[in-house]
1. What tally of residues in the range 134-157 results from selecting those that are open to solvent by 80 Å² or more (accessible area, probe 1.4 Å) and either in contact with a Pro (Cβ under 6 Å, 6 or more places away or on another chain) or under 14 Å from Ile13 (Cα atoms) (or both)?
2. Which condition does Leu22 not pass, out of (1) open to solvent by 60 Å² or more (accessible area, probe 1.4 Å); (2) closer than 30 Å to Cys187 by Cβ; (3) more than 16 Å from the chain's Cα centre (by Cα), if it passes all the others?
3. Taking the range 158-198 as the region of interest, how many residues are open to solvent by 50 Å² or more (accessible area, probe 1.4 Å) and not in a helix (DSSP H, G or I)?
Amino acid sequence: MVLIKDTVVSLDILEKYFCCDLNRCKGACCIEGDAGAPVMDEERQQIEELLPQLLPLMQKQARELVEKEGVCCLDKDGEQVTQIIDGKDCVFSRTDSNGWCYCLIEKLFLEGKSSFRKPISCYLYPIRVKEFPAQGNMPATTALDYHRWDICHPARQCGKKLRLPMYVFLKEPLIARFGQEWYDELCLTAEQWNKMLQ
């Protein structure tokens, strides 16, 4: 682990190679797993504001679920996540005629119809963010960890082939979440760390 400002970062994020290979995985992370994407309160509010645009694009079953129970629910750990259907598919995912899964929230963003790209947990994946509130004399901290998933094996292979470190592949979402100054410090730390390993 390394400390970047008040954020604890797993060394895997500095050392491991990663680059999504959508030609092979076809966006499976949106439709696999047993819970939806973690969502912060402000992100839930942004999704709710987009519902008039999202609902007509959603699958019938997903639309009915959201209209009945809302955009989010609590998972087994008590974390707020997007609703899923059939125990796996995110309600905001759709699959095209070629079997490619895509995010409806991001679709609106890419079409210039929204300023909200998607939940940061999706944008940062496979990095997972965990917040630890202040306790006693200990300040609040944030921890970043690498979430390994079998369906991302093609991404690990692609990243290795390109020699693309995870923190470089995820530059845009890391800056979006933590800022340019934080990311610059992360890069400097990563370069120093990887020199030590050579």
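The values are calculated or read from the model by the stated rules, or taken from the named source; none is laboratory data. Since we're looking at a predicted model, the values are computed, not measured. Virtual Cβ from ideal backbone geometry, glycine too; neighbours counted across all protein chains shown. Surface areas here come from the heavy atoms of the whole protein model, side chains and all, with no ligands, DNA or RNA. Shrake-Rupley method; radii C 1.70, N 1.55, O 1.52, S 1.80 Å.
1. The qualifying residues number 1.
2. Single failed check for Leu22: (3).
3. Result for the range 158-198: 2.
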